[in-house]
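Undergrad: To start, I am sharing the structure in question, which I have written as structure tokens.
Just so it is clear, none of the values below were taken in a lab; they were calculated from the coordinates. If you're wondering where the values come from, they're calculated on a predicted model, not measured in any experiment. All Cβ positions, glycine included, derive from the backbone under ideal geometry; neighbour counts span all protein chains shown.
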């Protein structure tokens, strides 16, 4: 099963390498990982998406918790959360196709970031599923390039996670 | 007062109570060695290889419970520590490893003797650091000592760029430290402990299963009280040996691949295991699906990640073994398990460990048994392989921290430097490295260290001319194809040779000459009646290491043995048994 794990970590050199190394060294399956600043400059937030059976997920969480630089870890799976991912997609688009693509983009609330002579760049945010769906539709066009951000997530409600 | 980084490091060592460090100098760490020069409070043991410095610090730590410290230079000095650090990490040994680094402005430039040792050791340390700001030095050292020695202990490495060692600042070593991401659970959950006591009392065929954590936690005294009060038999992992005296009637011995018959039978038939400070490691459990098939499992460990990893645990208790057992002691009572005890005794009588006499040469089990007679209170270090298993099975351990062995990583070359570290820490005890002729050569150069330090470490080489454990596997599972395990093989030897013959080299090397070259004492023993006198003679040395070359049966095997992948109850007991 896929789990979304959100962590507050010390903003130290090497934290990311430590986490990435843990996954590769112990052969855990890491789907995506995002790192970013928080409102506290000494702390970063890492959101990672990993896959495994219950025992493996339990081990992943225990091993992550052992890392000194990880301050707090929450498995968001099954909790009330919002999660978002962003994708940039460059597709080939002749002037004749543009209107049609605009319409599809509109349905998915994707933004058109750039229009070139024979291509355009779209930006879409949403759940991973929504982005997957959008990409499915776009498959009938020629996708030239794509960049996905990885997931960020947050639990709903007032409670701060720290 | 202004001090440079090197001075602050030495101040930190003193405030942490460090009396001895093990190290090897080099360009990047000369400033620290300079501060240590002629220091009356800290003795520096100069090893002949950085790996040995780490193993020696490890032996110092395992035999005392104190944090071991080693100090090496950048680049190759640092990379040579890797095996030592991984060994300590696997067996939860508190170490602080200080490595030099090129100056900050040269890091990343492929400078002379530069290595990214923090990157290299990340997966084999409990934590590691590179100091990039002189102001962080004191706090980081404090953190390192705290992290290394608390919770589940382990090695912590700090990398010091050379300019940090020279940079001056008016600071001092902090008194305390607080790390928001690190709060080990020490006290076990009272409800879980109560449940454990109840489960223990209800069980009809209970067992205690102890691992290395019981020594690390200093829990052996209270554990022995629990055993006495309940009357429940005990099995152990390799690392748990010494938790109960080997000859205690309730001690069924080690379980697993080379476990005892009563131990492996009991673990297979029991209905409850109370595991204490053990990882339920694969060499101990054997085939997992057939491990303790009827048992409910209670597991006490300070590391949550060690609980329920390999076996399903019904009652997990996260906490320090000593604290948990002290809570448990008043809640347990004498178990009514006469039938179980009777069964266990039958197993003990059916197949006790047997000293197999040699046909032509000496018996390794006889030698270890005699070591036990002559030196009943020794600290035993081992290398890895057959020597390790014979040492584990045939020495009568009485004390906690009396067996120093690389359990998890299985590092050949560990024993001798570890024995040196243990002897430095325990000058009044007899320290013996039980070695093989293969593994001793992985750190034989440390004879120079032992001679220089005037340490009477005894090295008992069980010399069979083979890399014996691999040879045993080749004999049993590869049709005696002794590929690269004969230590005497030359190009002129017949292909497919399966036995040593008259034309073989007698020694390779001649360990006696080697010992003499280092000015150590060398004794060769080839007759059974010479074993004891040689050991007595070795025991007389007060300030010189003694190497005893015991010429043992070429093809002696370790029994019992569970073939790899097999269930613990499917033991091979030896020829004709």
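Undergrad: So what's chain A giving for Cα Rg divided by 2.2 N^0.38 Å, two decimals?
TA: Normalised by 2.2 N^0.38 Å, the Cα Rg of chain A equals 1.22.
Undergrad: Compute the semi-axes of the equivalent ellipsoid of the range B:158-282, taking the square root of 5 times each eigenvalue of the Cα gyration tensor, and list them largest first in whole Å.
TA: 41, 19, 13
Undergrad: Using only Cα atoms, find the angle between the long axis of helix A:15-25 and the longest principal axis of chain A, and express it within 0 to 90 degrees, rounded to the nearest 10.
TA: Around 90 degrees separate the two axes.
Undergrad: How high is the relative contact order of the range B:3-169, given as a whole-number percent (alpha carbon pairs under 8 Å, six or more residues apart)? Each step should come with its number before you reach the end.
TA: Working: 363 pairs, mean separation 46.6, N = 167.
Taking the mean separation of contacting Cα pairs over the length of the range B:3-169, I get 28 percent.
Undergrad: Counting only DSSP beta bridges with both residues in the range B:423-577, tell me the antiparallel percent, nearest 5.
TA: 10
Undergrad: May I ask for log10 I(q)/I(0) of the range B:3-169 at q = 0.14, 0.21 Å⁻¹, from a Debye sum over the Cα atoms as equal point scatterers with solvent left out?
TA: Cα-only, vacuum Debye calculation for the range B:3-169: -0.60, -1.51.
Undergrad: Rounded to whole Å and sorted largest first, what semi-axes of the equivalent ellipsoid does the C-alpha gyration tensor of the range B:109-209 yield via the square root of 5 times each eigenvalue?
TA: In descending order, the three semi-axes are 43, 18, 8 Å.
Undergrad: Another question, then. Binning at 5 Å from 0, report for the range B:214-277 what percent of all alpha-carbon pair distances ends up in each bin.
TA: The distribution over the range B:214-277 is 4, 18, 31, 29, 15, 4, 0, given as percents.
Undergrad: Can you pull the one-decimal nm distance between simple spin-label points at residue A:26 and residue A:146, each 7 Å off the Cα toward Cβ?
TA: If labels sit at residue A:26 and residue A:146, their model points lie 3.1 nm apart.
Undergrad: Measure of size requested: the Rg and Dmax of the range A:2-75, with Cα atoms as the atom set and Å as the unit; please supply both.
TA: 11.5, 35
Undergrad: Is the range B:1-95 rounded, prolate or oblate when judged by the Cα gyration tensor, a ≥ b ≥ c being the square roots of its eigenvalues, rounded requiring a/c under 1.5 and prolate requiring a/b larger than b/c?
TA: Here the range B:1-95 falls in the oblate category.
Undergrad: List the pair-distance distribution P(r) of chain B, using every Cα-Cα distance, as the percent of pairs falling in each 20 Å bin from 0 up to the bin containing the longest distance, rounded to whole percents.
TA: For chain B, the binned pair fractions read 21, 51, 27, 2 percent.
Undergrad: Separate question: So what is the relative contact order for chain B, in percent, with contacts set as C-alpha pairs under 8 Å and at least six apart?
TA: Once normalised by length, the contact order is 14 percent.
Undergrad: Please report how far the C-alpha centroid of the range B:82-148 lies from that of the range B:401-456, rounded to the nearest whole angstrom.
TA: Here the answer is 25 Å between Cα centres.
Undergrad: Let me ask something else about it. Would you mind telling me the antiparallel percentage of the DSSP bridges in the protein assembly as shown, rounded to 5?
TA: Rounded to the nearest five, the antiparallel share is 40 percent.
Undergrad: Once you compute Rg and the Kirkwood Rh from C-alpha atoms, what is the Rg to Rh ratio for the protein assembly as shown?
TA: For the protein assembly as shown, the value is 1.03.
Undergrad: Counting other beta carbons within 10 Å of each Cβ, put B:390, B:559, B:473 in order, fewest first. Display every interim value, and only then the final one.
TA: Working: B:390 26, B:559 21, B:473 15.
Fewest-to-most Cβ neighbours within 10 Å comes out as B:473, B:559, B:390.
Undergrad: By counting other Cβ atoms within 10 Å of each Cβ, how are B:558, B:368 ranked from fewest to most?
TA: B:558, B:368
Undergrad: Same structure, new question: Return the Cα extents of the range A:82-152 along principal axes one, two and three, sorted largest first, each rounded to a whole Å.
TA: 37, 20, 19 Å, listed from the longest principal axis down.
Undergrad: Mind ranking B:45-53, B:235-243 by how tightly packed they are, going by the mean number of other C-beta atoms within 10 angstrom, highest first?
TA: B:235-243, B:45-53
Undergrad: Let me ask something else. For peptide A:62-68, what's the mean number of Cβ atoms from other chains within 10 Å of each residue's Cβ?
TA: Counting Cβ atoms of other protein chains within 10 Å of each residue's Cβ and averaging gives 6.
Undergrad: Okay, next question. Sorted by packing (mean other beta-carbon atoms within 10 Å per residue), highest first, where do A:123-132, B:135-144 land?
TA: B:135-144, A:123-132
Undergrad: Can I ask one more? Peptide A:9-22: average number of partner chain Cβ atoms within 10 Å per residue?
TA: On the way: counts 1, 3, 0, 2, 4, 7, 0, 0, 4, 4, 0, 1, 3, 2.
Counting other chains' Cβ atoms within 10 Å and averaging over A:9-22 gives 2.
Undergrad: OK, next. Mind giving me the FRET efficiency for residue B:506 and residue B:39? R0 is 35 Å, r the Cβ-Cβ distance, nearest 0.05 is fine.
TA: That pair, residue B:506 with residue B:39, gives E of 0.15.
Undergrad: Tell me the mean residue ellipticity at 222 nm calculated for the protein assembly as shown from its helices only (DSSP H runs of n ≥ 4, each -39500 (n - 2.57), averaged over every residue, nearest 500).
TA: -9500 deg cm²/dmol
Undergrad: Restricting the count to DSSP beta bridges whose residues both fall in the range A:2-75, what percent are antiparallel, rounded to a multiple of 5?
TA: Approximately 100 percent, going by the DSSP bridge assignments.
Undergrad: Here is a follow-up. Given the range B:364-551, report the % of alpha carbon pairs whose separation exceeds 22 Å.
TA: When all Cα pairs of the range B:364-551 are counted, 44 percent exceed 22 Å.
Undergrad: Any chance you could give the angle, 0 to 90 degrees and rounded to 10, that helix A:128-138 forms with the longest Cα principal axis of chain A?
TA: 20
Undergrad: Give the Kirkwood hydrodynamic radius (Å, one decimal) of the range B:457-546, defined as one over the mean of 1/r across all pairs of different Cα atoms.
TA: 15.2
Undergrad: Quick check on the exposure proxy: order B:22, B:145 from fewest to most C-beta atoms within 10 angstrom.
TA: In order of increasing Cβ crowding within 10 Å: B:145, B:22.
Undergrad: Give the share of C-alpha pairs in each 10 angstrom bin for the range B:190-350, from 0 to the last occupied bin, in whole percents, shortest bins first.
TA: 12, 47, 37, 4, 0
Undergrad: May I pose another question? Could you work out how far helix A:95-107 tilts from the main Cα principal axis of chain A, as a 0 to 90 degree angle to the nearest 10?
TA: 40
Undergrad: Using alpha-carbon pairs under 8 Å, 6+ residues apart, how would you state the relative contact order of the range A:1-110 in percent?
TA: Values: 126 pairs, mean separation 37.4, N = 110.
Over the range A:1-110, the number comes to 34 percent.
Undergrad: Compute the separation of the alpha-carbon centres of the range B:31-49 and the range B:525-571 and state it in Å as a whole number.
TA: 36
Undergrad: Enumerate the residues in the range B:363-389 having an amide nitrogen under 16 Å from the point lying 7 Å beyond the Cα of residue B:536 toward its Cβ.
TA: Under cut-off, by backbone N: B:370-376.
Undergrad: With a 10 Å radius around each residue's Cβ, average the other Cβ atoms per peptide and rank B:165-175, A:45-55, highest first.
TA: Listed from highest to lowest mean packing, they are A:45-55, B:165-175.
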